[in-house]
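Report on the following structure.
Read-outs throughout are calculated quantities, based only on the coordinates presented, and are distinct from any laboratory measurement. Worth saying up front: this structure is predicted, and the values here are computed from it rather than measured. Here the Cβ positions follow ideal geometry from the backbone for every residue, glycine too, while neighbour counts run over all protein chains shown.
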Amino acid sequence: MKLKLLLFLFCAVCIKLFSQPYYGKQNTKDLPKAEFLLANGSTVNAFFVGYTYPNGTYPGFFDKDDIYNFIYKKTKTSEDEKFGADEVKMLKIYDEHDDVTSTIERLDMKYIDKDGKVNDKRKRSFQPLLYDGKIQIYGSNMKMCSTVSCNYVYSQLYIRNAKDEFAVMPVDYDKLGLFAGSLYEKMVEAFRYAGRDCQEFQKYMDTFEAKIQDKEFKKTMNAKFKDIRKKAFDEGKKDKLGHNATQELLGDYMLQAYLEFYGGIIKEYEKNCPY
């Protein structure tokens, strides 16, 4: 498996498209064609307007799907209509040549709790597929925006064995900073679970788990991500990108780094697990 630049560019396009919130009656002439695959098995062709986010306060907010409603039009001049998140399994976006430019899927999820046990997550997440292999990677960047600026927060990635109906969260993003335990340890358990059908992969994860306990490994990883941030800010300053574009660039670089890190683990699964 090799995560090439083409994949990186696809991710960036996918994430930027699906980061747009509901924008109502504006820009109707630019609405892209869309295809909704619904939970009941039917398909609806429409024009994609945007989506609405859930609202609320902690802790209830974190139990909600990350998209509340999908807004669409049957024709560019018709009234807005909507699908609830529980009605949609997949959304495809098409360009003017009717080629698929991006896709997001609804992920039912499991997470690793503080005791290292696998539990069902009450919420679902809609994410683009970033890598399609025996273990798939889904994900996007999380941003926080005010009326004038946006800041990159973190890259959220999910893994799913292609034979499973659910994804596993290597990091429970809803509990970041809430004494959730070692992020690396939870990541190891998530990959163990995704590759639970392969004994050779479990042996590799034993070696990998010992590796990430090493202080030099953690030091190297911290330095790597620090350098990535510096690279993005230096390039943003050099090219006079401005704050928002620099934050976009930072998100692109960070997402690619996480993809390569996760991809290295998945490569071992694909090499050692032929079934």
Exercise. Taking the Cα-to-Cβ direction at residue 211 and at residue 119 and moving 7 Å from each Cα, how far apart do the two end points lie in nm?
Worked result: 3.1
For this session: Choose one of 212, 233, 266: the residue whose Cα lies farthest towards the positive end of the charge dipole of segment 178-275 (beta-carbon charges +1 Lys, Arg; -1 Asp, Glu; about the Cα centre).
Result: 233
For this session: Order by neighbour count: 145, 198, fewest other Cβ atoms within 10 Å first, most last.
Result: 145, 198
Exercise. Which net charge results for the neighbourhood of residue 92, defined as the other residues with beta-carbon distances under 12 angstrom from its beta-carbon, given Lys and Arg at +1 and Asp and Glu at -1?
Worked result: -3
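Let's test the formula: R0 of 51 Å, r as the Cβ-Cβ distance of residue 196 and residue 77. What FRET efficiency results, to the nearest 0.05?
Working: r = 51 Å, r/R0 = 1.01.
The calculated FRET efficiency here is 0.50.
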